[in-house]
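Submitted below is the structure of interest, expressed as structure tokens.
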Amino acid sequence: MIFNREKCTLPQDIPSNYGNVKIYNYKISDDSIEYINNFYDYAKEKNADVVISFPPILDERFYGTEEDIKNYENNLKENLKPQVISNVTDYIFPRKYMFDTIYHCNNEGEKISSERLANDINNYLKNKGIR
């Protein structure tokens, strides 16, 4: 561990400048699609894989229904060349696992998030016949 993050330091009433994650009526921008797909092509030329996962997100600042999440994930899968290897819901965490922003886990949350990401990567590799 590089930086000790024992407990959540977020204020009880989180200021608006900490941001929100809203995925209802979400559509990835054409510029983002082009950029990500170009990077994917570049990586493939270099014999590298590119996959998509999600950051840890504080549940209090996440806005979207199960249907919104499904539409969001489908939008990514339909428009982006890299494979989406994770589910958004696996990376939504309660305050007790977060540290100082709506995206940064504390020590305990880091372990959970890292384990989930490792499992997602291992499943991806198994499906490719690599593991």
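Coordinate-derived values only; no laboratory data. This one's a predicted model, so the numbers in the text were calculated from it and none came from an experiment. Don't worry about glycine lacking a Cβ; one is built from the backbone with ideal geometry, like all the others, and counts go over all protein chains shown.
Identify all residues within the stretch 65-85 that are among the hydrophobic types (A, V, I, L, M, F, W, C) and either touching a Cys at 6+ places or on another chain (Cβ under 8 Å) or over 24 Å from K126 (Cβ atoms) (or both); write none if there are none.
Listed by number, the list holds a single entry, I69.
Those residues that are over 10 Å from E6 (Cα atoms) and aromatic (F, W, Y), I need them from the stretch 90-115; list them, please.
Within the stretch 90-115, Y91, F93, Y103 meet the criteria.
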